[in-house]
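These notes concern the structure reproduced below.
The values are calculated or read from the model by the stated rules, or taken from the named source; none is laboratory data. Worth saying up front: this structure is predicted, and the values here are computed from it rather than measured. Cβ placement follows ideal geometry from the backbone for every residue including glycine, while neighbour counts extend to all protein chains displayed. When the accessible area is computed, the model is the full protein with side chains, heavy atoms only, and any ligands, DNA or RNA have been set aside. Shrake-Rupley method; radii C 1.70, N 1.55, O 1.52, S 1.80 Å.
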Amino acid sequence: MAHSKALLVLENFIDGKFVPCCSYIDSYNPSTGDVYCRVPDSGKEEVEAAVKAAKDAFPIWSSKSPLERSQILNKLADLIEHDLEAFAQAESKDQGKAITFARTVDIPRAAYNFRFFASSILHHTTECTEMATMGCVHYTSRAPVGVAGLISPWNLPLYLLTWKIAPAIACGNTVVAKPSEMTSVTAWMMCKLLEKAGVPHGVVNVVFGTGAKAGEALVCHPDVPLISFTGSTLTAQRIMEKSAPHCKRLSLELGGKNPAIVFDDADLTQCIPTTVRSSFANQGEICLCTSRIFVQRGIYSEFLKRFVAEAKKWKVGNPADPTVDVGALISKEHLEKVRSYVKKAQAEGARVLCGEGVNSLALPTGNQKGYFMLPTVIAEVKDESCCMQEEVFGPVTCVVAFDTEEEVIERANGVKYGLAATVWSSNVGRVHRVAQRLQSGLVWTNCWLVRDLNLPFGGMKASGIGREGAKDSYEFFTEVKTITIKH
């Protein structure tokens with residue numbers, strides 16, 4: 001296809017230099033449907049070069065003190081914050097998300113990821129025990145593992161990429177990162193800052209391309225002992241198969257089908273706006289979004305009326321408009337997939353109360369071909385419906401009624417996923433009881449997405465393996481050794 005001169009062309013970042021690739025793939029602007037960027041279609045050869053650079057840089061980087069690494073991470077955070085507006089604009093254009101969300105969530109958090117691990121790396125301690133009767137002292141020491149392969153998704157591009165790079169390099173590893181081919185621009189922009197921050201050549205290498213080519217080459221590389229992946233459960237299964245012969249260490253942060261449980265004593269003035277946000281923020285393209293809302297029967301009709309009214313207030317349109325709440329979905333294919341779930345629900349007899357197919361979507365002239373969808377609320381869905389079982393990953397949520405605490409716990413747990421849940425109730429005892437019994441790595445009560453990065457993040461069941469956070473990331477990215485000294 002013919003390309004205009006104005007297209008942005010990205011290059012791989014290997015051993016501190018930008019390196020052109022022999023073939024490229026098109027990346028679309030989701031809000032217009034036009035190709036606006038060309039991304040390297042990397043494969044084995046590019047991954048080989050990046051792994052070699054990372055391996056060569058490892059001895060020097062791993063021998064730096066935690067304080068030296070910490071100072072470099074803080075400098076990188078400063079540089080990202082300095083360019084916050086440029087990063088936010090690029091993220092919004094590349095991913096389709098509302099500019100306000102990129103400005104207030106994605107980019108500040110990307111900088112904070114570096115700052116957080118720059119601090120936490122200075123406070124890890126190792127263990128020591130004494131066996132006086134045997135005349136022995138035991139202690140542990142931790143060392144970086146080597147080259148970490150980091151594969152990040154398209155929904156929160158820089159935010160989730162830095163959530164992997166920061167702990168990996170803070171611990172003294174070197175990395176080869178592969179961002180999603182659909183959202184590579186902010187990763188490429190970050191590469192431009194690495195040298196200025198003092199990151200030595202080869203410590204951070206970024207190879208762009210598809211999962212099938214670049215991702216697979218990285219996962220199969222014998223010199224990459226660690227793989228950290230955020231994305232779909234299906235891709236994770238493939239990663240597990242491919243990495244098994246090499247006995248690689250895996251951290252997998254996968255999908256969710258997250259319930260919100262609203263008891264009849266919930267404070268609806270807090271619950272409704274927060275649950276609208278937890279359903280539709282970032283177009284519903286967050287693994288932590290609420291896609292099943294269980295409401296106790298006594299307040300079900302009132303909740304539904306107020307929830308739908310609030311959802312209709314959310315403005316859909318050009319992501320560059322600061323008053324817009326919902327931007328464009330990532331791709332034409334993804335939009336079709338999300339729409340197909342709404343059609344299936346209708347075919348099964350569910351009621352679509354607002355959004356897709358019910359309300360008309362008025363878009364600005366330049367965005368007519370973009371991948372937009374209204375926040376969609378579905379009621380009267382059966383628990384076994386695919387809309388209640390599968391991750392839709394779009395601005396769609398299902399609202400159903402329940403009667404008892406016992407019943408709702410069983411129904412909330414009745415999916416293959418177990419990432420996050422929210423519980424709304426003013427009864428403290430109930431909040432604790434329900435939180436204990438939900439099969440979920442994270443449970444928020446009377447709030448959503450309030451995070452302390454010190455604490456473990458990750459899911460149960462098909463939502464992943466391992467946890468991320470200060471201590472958990474440190475344990476994943478280091479090898480522990482027990483040393484016994486007899487005196």
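Okay, here's what the table says:
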quantity	calculated
Neighbours by Cβ (under 7 Å, 6+ apart or cross-chain): first from the stretch 367-395, over 14 Å from Y417 (Cα atoms); second polar (S, T, N, Q) and in a loop (DSSP other than H, G, I, E, B)	N367/S31; N367/T32; N367/N318; K369/T32; G370/S31; G370/T32; Y371/S331; L374/N359
Number of the condition not met by V358 [criteria: (1) open to solvent by less than 10 Å² (accessible area, probe 1.4 Å); (2) out of contact with any helix residue (DSSP H, G or I) (no Cβ under 7 Å at 6 or more places or on another chain); (3) free of Cβ contacts under 8 Å to residues at least 40 places away in the same chain]	(1)
Some residue of the stretch 209-217 being closer than 29 Å to V105 by Cα and either of a type in the set (D, E) or in a loop (DSSP other than H, G, I, E, B) (or both)	yes
Residue in the stretch 320-335 that is modelled with pLDDT of 95 or more, buried (at least 19 other Cβ atoms within 10 Å of the Cβ), assigned to a helix (DSSP H, G or I) and assigned by the TED database to the domain that holds A266 present	yes
Criterion: open to solvent by less than 40 Å² (accessible area, probe 1.4 Å) and touching a helix residue (DSSP H, G or I) at 6+ places or on another chain (Cβ under 6 Å) - qualifying residue of A345, A420	A345
Matching residues in the stretch 330-347 - criterion: being in contact with an Asp or Glu (Cβ under 7 Å, 6 or more places away or on another chain) and more than 21 Å from A379 (Cα to Cα)	I330
Residue identified as part of a helix (DSSP H, G or I), in contact (Cβ under 8 Å) with a residue 40 or more places away in the chain and loosely packed, with under 15 Cβ neighbours inside 10 Å among I60, I107	I60
Qualifying position, being outside the structural domain of S473 (by the TED database) and crowded, with 18+ Cβ neighbours inside 10 Å, among I272, I239	I272
Test result for G298, at pLDDT below 95 and open to solvent by 70 Å² or more (accessible area, probe 1.4 Å)	no
Leading residue by the ranking (least open to solvent (accessible area, probe 1.4 Å)) among those in the stretch 427-482 that are of a type in the set (K, R) and under 13 Å from L252 (Cα atoms)	R467
Test result for E405, assigned by the TED database to the domain that holds R142 and open to solvent by less than 50 Å² (accessible area, probe 1.4 Å)	no
Filter pass, I169 being at pLDDT 95 or above, over 28 Å from Y36 (Cα atoms) and in a strand (DSSP E or B)	no
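Yes/no matrix, rows are residues, columns are (1) touching a residue at least 40 places away in the same chain (Cβ under 8 Å); (2) assigned to a helix (DSSP H, G or I):
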position	(1), (2)
T129	no, no
S141	yes, no
P153	yes, no
T162	yes, yes
V175	yes, no
M189	yes, yes
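Yes/no per residue for (1) without any contact (Cβ under 8 Å) to a residue 60 or more places away in the chain; (2) farther than 27 Å from Y371 by Cα:
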position: Q270; (1), (2): no, yes
position: G284; (1), (2): no, no
position: S301; (1), (2): yes, yes
position: K305; (1), (2): yes, yes
